[in-house]
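**Student:** Starting off with a structure, shown below.
The values are calculated or read from the model by the stated rules, or taken from the named source; none is laboratory data. Note that the structure is a prediction, hence the values are computed from the model and not measured. Glycine also receives a Cβ, built like all others from the backbone with ideal geometry; neighbour counts cover every protein chain displayed. Accessible surface is based on the protein model in full, side chains and every heavy atom, while ligands, DNA and RNA are left aside. Shrake-Rupley method; radii C 1.70, N 1.55, O 1.52, S 1.80 Å.
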Amino acid sequence: MLRYVILRCLASIPTMFLVAVTVFVLMRLVPGDPATLMVGDVTQVERIERLREEMGLNDPLLVQFIAWMGALLQGDFGTSFINGAPVLPTLLDRFAVTAQVVAISVLLAAVIAVPLGMIAAWRQNRSVDNVIVTTSIAAMSVPSFWIGLMLILVFGIELGWLPSVGYVSLTDDLTRGIMYLIMPVAALVMAELGTILRMSRAATIEVMRLDYITHARAKGLSEADVLRRHAFPNAFAPTLTIIGLTLGALLGGAAVIETVFTLPGLGRHLIDAISSRDYPVVQGVMLLVALSYILVNLITDLLYPLFDPRVRL
Amino acid sequence: MKKLISASTIALICSAGAAVADPEFGGIAKVAMKSDILGTQPGVDRDGITDTLLHHIMEGLVSYDADVNVQPLLAESWEISEDGTTYTFTLRDDVMFHNGEPMTSAEVVWSWDRWLDLETGWACTDWYDGTEDLEILSVTAPDESTVVFELNVANSLFLAQIANIQCLTAIVHPDSVDAEGNWVEPIGTGPYMLSEWNQGVSVTIERFDDYTPASGPASAYAGERIAYLDAVEFIVVPETATALAGLQSGDLDLVDQIQPNDRNELNPDLVTIHEAPSLEWNVLLMRVDNELMSDINMRRAVALAIDFAVLAQTASSGIVGYNPSTIPEGSVYHTAVQAEGYERDLEEVARLLEAAGYDGTPLQIQTNRRFNNMYQNAVIIQAMLAEAGINSELDVLEWAAHLDNYFNGQFQLSAFGYSARTDPALNYRSVLGEDHPAFQWYNTDAIAMVNEAAVIGDPERRQALFDEVHRMMIEEVPTLNLYNAFTIDVTSNRLQGYQVWPAAKPYLWNVWIEE
Amino acid sequence: MMARLARLRLNALVGGTLLLIALIAALVGQFAPPSDPIKPDFLVLLQPPSWEHPFGTDQFGRDMLSRVLAGAWVSLYAATLTVIVAFLLGTTLGALAGFYGGWIDRGVSVVTETLMAFPGLLLALAIMAVMGAGLVPLVTALGLAFAPSFVRVTRALVLSLKEKEFVEASRALGNSQTYTLFRHIVPNCVSSLSVLCTTILALALLAESALSFLGLGVQPPAPSWGGMLADGRGVMVQAPWMVIFPGVAIFGALLGINLLGDALRDWLDPRMEGEV
């Protein structure tokens, strides 16, 4: 088990390195100069030169890369070009916001979708199944950002029930925090529901076909017991993988929903940093996103055997 | 067009007159800002939003009034020597810092030393260190209430420069920095002090109770500035659409700089709209060193293909008209001469195109979507050029790339815009120059005339110079001025006394809340 | 059983109809739109839906119906190209990795992992900034982002097929590795991959809209559904038609693809035939 974890961590090193190199090179290939952006339309040639020097942009690329890597290995993510603040604390703040929204959404989606998928599988090809499957396909087909806009239009503006501006952290003020989270979470749940539901249904159908379920039935166990004790626990493991993948993808890719609801999350932070060519911040965000993706996958894989006794790590 | 402007101005004055009520102390106003502030050190951590906020906390010796004239703020008065190189400021004796210490000439000298020190990283040192023509040779304090600035040359722009909004020449208490000289927090003299900065979310400022306002009538950044509000919360709301929704649902009290189109979505019963002409100006840049555009016939063809009145009307929803001059319409130097521009003439365009040997190659118009006005201008100009037989394609870039190309002169046509400058000489210096590709117009005579206008103080002579430069510009067509921007701010109905002004900077003193 | 067939038929019918509508819309939008979807008309800015403009007009006075139709072409075209790029790239790499194993397999898996750990958003932005805005960079970026799915599925399929008798037989007959791969293994992957293609088509369409919504996708003035939503967002209170119609269009197209994909999956996967 421990050996497995260590091996997995070692295996992710080349990936992380490749991510680092790619981000570094891509950002420098992209046209646009951070110093010029800071100075704007006022023609101050000397000041731009000074800024470039301070930012270390006049050094050869390899020197810049090695300096960045060296600092990273000591846990130093550098400072933002734009406001000179250390990259890491801001990054973690923003990550907390994204993680809050995404974790709640995926959890909620799973709580709704997993049982529904199992029910659909149990009643496979009956009308209940058809209704559940068709609804989930419809939900999958609604773009989250569009449903976000519609929610704002209806509940934020027309009805005025929910705040559409700003953000309050759950840890600062629980009730107000919840008010701010309702709409983004609703939009994300709707978007992710379908994928999880289909996986849960497919996995359950797969399990129900296996011999031991037939055995269990033959032994005269009640249908409820068969489902609860034998079918569902084994069907959950593959679904967990999909939940993990969804979580991993959303942690890095919630930028659209953050834009719609003006949440100060990581995706928004990344877009802002890219448009102001804040290289250290972009690089930091990318590494954090890649790391969280790898970690979520690792944790999912570690949890897998808990739900599927056939798998041993 | 002119008529429209004055009509709306009158309407504004009337509504302002009708709404006068006695100011009340108390309450908290909530203001939307498009992005978080960059920091709290003026001129160092700066962008438009940071500037707006820090001007509530810190003040300089002089400041702009609502007509963008320089007025005293922390200074009581000033004297200029005969030769124009010595400025002697007398300080007010009733000014207190947020930490309770009185302001004296020592802090003024300390502050100026800090900003001019290259180590500080202040954004506008170029203006004062001889990089451009002006250099401050020394800032000294002969006594507790007097500060003397020695300049290398006479310069009519000096007061305007120290009143500038971008690099607030703030007088701060030395305790604003730690022992190593690192910036800690702003201890200024403003009507508000910094209360809480919740990074990425909001900044709260609260009233400074020991504030003594300057004498003189309240006028924008100058005169009697009184904080009636207990506090102001600036909330990060990147999207205007969301901000306006928040304004109408009562979550916000002020959203500044909205687009003309956005007005239509506002319910007039819930909000008050404030409009004022601004000093920013929109342009269509034409690269004179580009192969095709180096031919003046081609540039004139483009100029005469555009219906500038319709362009301004459409892009601004009828708020502003065509301004052919680099000098903003609101300026005292904007006269009948500055109003002379180009008239659309499609037959002449055809002749010019023939003379230029134009073969139908599409022109590339660079623009971006970050600034909606630039994008709109490009779309409209493309349509107008097409009607005149000039093919063109939009090249929609990301703002960073667009700006980079502007700065390096890498474009054929570019729908661009300039931020506010507070003197016509500064306006012209944005486009006129010869040693850098970011300049659009290389003409040594014009450069000499603008340089002269930057030094002398005589308004008549300056006017004559600016008029001549404008005529030359229309003749040579190095770049096309389109129209001045308008600033449109929206407030909730409970926020009273709010005023907009040409610098387009919202301020939250002399406003109060009435439920 | 009957219910399954009924649903399969209904899904295929509804999905097919929706997709057909989208295709017709795309063709009309591309070749014969009711009016020019790009040229501004300053006399009819932000008009609500009417007989003349059934979907209203936008802030440049452009007919929203024409734009939604033209957007169908842009969006479907970009999404289809994305699937083709991802398919070619992904199946080739996946087949090579699965068939040859060894260092090729390890190399492919590191690249795949990296691509998956990389938010498509940044990839798209960077590629588009480097290559310039337009369809090609967009498709390249999205193609790269979706290729790993094809790599994984193809690799797994090839690994399992490699052990099958007919493959062994082909080798025993002295056929070359490459011949065996393309003659015997690739054709047997078709049904699974075609299901994956519909899934990716839907995801690509969604991703294209999302990127255009963020201003990173198809560049204006070319109409794309996501870009129209972004345009309409600022004026959605006053002109809700600007966000409703493009959104409904995206929903309709996605629903069509997803329903067809579901039907296809049911039809191709015999194990899914219900016995309960």
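**Student:** What are the residue pairs meeting all of these: first residue in the range B:186-198, first residue in the same structural domain as B:MET58 (by TED's automatic domain parsing), second residue part of a loop (DSSP other than H, G, I, E, B) and charged (D, E, K, R), Cβ atoms under 7 Å, and 6 or more apart or on different chains?
**Tutor:** Hits for this filter: B:GLY188/B:GLU59; B:THR189/B:GLU59; B:GLY190/B:GLU59; B:PRO191/B:ARG225; B:LEU194/B:GLU185.
**Student:** Considering only the range B:370-421, how many residues are outside any loop (DSSP other than H, G, I, E, B), away from chain A (no Cβ under 14 Å) and without any contact (Cβ under 8 Å) to a residue 60 or more places away in the chain?
**Tutor:** 9
Let's see how each residue does on (1) within 27 Å of A:GLY40 (Cα to Cα); (2) in contact with a Phe, Trp or Tyr (Cβ under 7 Å, 6 or more places away or on another chain):
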site: B:ARG207; (1), (2): no, yes
site: B:ILE226; (1), (2): no, yes
site: B:ALA231; (1), (2): no, no
site: B:ILE235; (1), (2): yes, no
site: B:GLN257; (1), (2): yes, no
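**Student:** Between residues in the range A:1-29 that are under 12 Å from A:PHE65 (Cα atoms) and residues that are of a type outside the set (S, T, N, Q) and open to solvent by 60 Å² or more (accessible area, probe 1.4 Å), which pairs lie under 9 Å by C-beta distance while being six or more apart or on different chains?
**Tutor:** Every condition considered, the pairs that remain are A:PHE24/A:LEU61; A:VAL25/A:LEU61; A:ARG28/A:LEU61.
**Student:** Being assigned to a helix (DSSP H, G or I), facing chain B (nearest Cβ under 10 Å), within 19 Å of the chain's Cα centre (by Cα) and crowded, with 22+ Cβ neighbours inside 10 Å is true for just one of C:GLY227, C:GLY232. Which residue is that?
**Tutor:** Residue meeting the stated conditions: C:GLY227.
**Student:** Which of (1) more than 19 Å from the chain's Cα centre (by Cα); (2) modelled with pLDDT of 85 or more; (3) of a type in the set (S, T, N, Q) is the odd one out, the single condition A:SER144 does not satisfy?
**Tutor:** Unmet condition: (1).
**Student:** Within the range B:94-135, count every residue that is open to solvent by 20 Å² or more (accessible area, probe 1.4 Å) and under 30 Å from A:MET55 (Cα atoms).
**Tutor:** Number of matching residues: 17.
**Student:** Could you tell me which residue of the range C:202-224 is nearest to the other protein chains (Cβ to nearest Cβ), considering only residues that are among the hydroxyl-bearing types (Ser, Thr, Tyr) and outside any loop (DSSP other than H, G, I, E, B)?
**Tutor:** For the range C:202-224, the residue satisfying everything is C:SER209.
**Student:** In addition: Six or more apart or on different chains, Cβ under 8 Å: which pairs go from a residue in the range B:483-508 that's of a type in the set (Ser, Thr, Tyr) to one that's open to solvent by 30 Å² or more (accessible area, probe 1.4 Å) and assigned to a strand (DSSP E or B)? Could you list them?
**Tutor:** As it stands, the answer is B:THR487/B:GLU275; B:THR487/B:PRO277; B:THR491/B:THR272; B:SER492/B:THR272; B:TYR498/B:THR272, since those pairs meet every condition given.
For (1) free of Cβ contacts under 8 Å to residues at least 12 places away in the same chain; (2) buried (at least 21 other Cβ atoms within 10 Å of the Cβ), each residue gets a yes or a no:
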position	(1), (2)
A:VAL45	yes, no
A:PRO60	yes, no
A:PHE65	no, no
A:VAL101	no, yes
A:ALA109	no, yes
A:VAL114	no, yes
A:GLN124	no, yes
A:THR134	yes, no
A:PRO143	no, yes
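**Student:** Quickly run through the range A:177-213 and pick out the residues that are of a type outside the set (A, V, I, L, M), within 15 Å of A:GLN124 (Cα to Cα) and touching a residue at least 12 places away in the same chain (Cβ under 8 Å).
**Tutor:** Of everything in the range A:177-213, those that are of a type outside the set (A, V, I, L, M), within 15 Å of A:GLN124 (Cα to Cα) and touching a residue at least 12 places away in the same chain (Cβ under 8 Å) turn out to be A:ARG198, A:SER200, A:ARG201, A:THR204, A:GLU206.
To keep it simple, each residue is scored yes or no on (1) under 24 Å from the mean Cα position of the chain (by Cα); (2) of a type outside the set (D, E, K, R); (3) crowded, with 19+ Cβ neighbours inside 10 Å.
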site: C:ASP36; (1), (2), (3): no, no, no
site: C:PHE60; (1), (2), (3): no, yes, yes
site: C:LEU69; (1), (2), (3): yes, yes, yes
site: C:THR92; (1), (2), (3): yes, yes, no
site: C:GLY102; (1), (2), (3): no, yes, no
site: C:SER109; (1), (2), (3): yes, yes, yes
site: C:PHE118; (1), (2), (3): yes, yes, yes
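**Student:** Whether any residue in the range B:71-92 is within 23 Å of B:GLU180 (Cα to Cα) and touching a Lys or Arg at 6+ places or on another chain (Cβ under 9 Å) is what I want to check.
**Tutor:** For the range B:71-92, residues within 23 Å of B:GLU180 (Cα to Cα) and touching a Lys or Arg at 6+ places or on another chain (Cβ under 9 Å): absent.
**Student:** How many of the residues making up the range B:264-288 are part of a strand (DSSP E or B) and free of Cβ contacts under 8 Å to residues at least 12 places away in the same chain?
**Tutor:** Looking only at that region, the number is 0.
**Student:** Out of A:LEU170, A:LEU181, which single residue is within 20 Å of the chain's Cα centre (by Cα) and open to solvent by less than 20 Å² (accessible area, probe 1.4 Å)?
**Tutor:** Going through A:LEU170, A:LEU181 in turn, the sole match is A:LEU181.
**Student:** Would you pick out the residues in the range B:485-503 that are open to solvent by 10 Å² or more (accessible area, probe 1.4 Å) and under 20 Å from B:GLY321 (Cβ atoms)?
**Tutor:** Scanning the range B:485-503 gives B:ALA485, B:PHE486, B:VAL500, B:PRO502.
**Student:** Taking B:LEU270 as meeting all but one of (1) away from chain A (no Cβ under 12 Å); (2) surrounded by fewer than 19 Cβ atoms within 10 Å (Cβ to Cβ); (3) not polar (S, T, N, Q), write down the number of the exception.
**Tutor:** It fails just one condition, (1).
**Student:** So B:ASN297 passes all but one of these: (1) open to solvent by 50 Å² or more (accessible area, probe 1.4 Å); (2) touching a residue at least 24 places away in the same chain (Cβ under 8 Å). Which condition number does it fail?
**Tutor:** That leaves (1) as the condition not met.
**Student:** For the range C:156-185, which positions are surrounded by fewer than 19 Cβ atoms within 10 Å (Cβ to Cβ) and touching a residue at least 40 places away in the same chain (Cβ under 8 Å)?
**Tutor:** C:ALA156, C:LEU159, C:LYS162, C:GLN177
**Student:** Out of everything in the range B:143-161 that is farther than 15 Å from B:ASP133 by Cα and not acidic (Asp, Glu), what residue ends up being most open to solvent (accessible area, probe 1.4 Å)?
**Tutor:** Checking each candidate, the answer is B:SER145.
**Student:** Suppose the filter is over 14 Å from B:LYS505 (Cβ atoms) and of a type in the set (Ser, Thr, Tyr); does B:THR85 pass it?
**Tutor:** yes
**Student:** Working only within the range A:219-275, note down all residues that are charged (D, E, K, R) and away from chain C (no Cβ under 11 Å).
**Tutor:** Once the filter is applied, which keeps residues that are charged (D, E, K, R) and away from chain C (no Cβ under 11 Å), the range A:219-275 yields A:LYS219, A:ASP225, A:ARG228, A:ARG229, A:ASP272.
**Student:** Residues of the range B:437-456 being assigned to a loop (DSSP other than H, G, I, E, B) and more than 26 Å from B:SER278 (Cβ to Cβ), which ones?
**Tutor:** B:PRO437, B:TYR442, B:ASN443, B:ILE456
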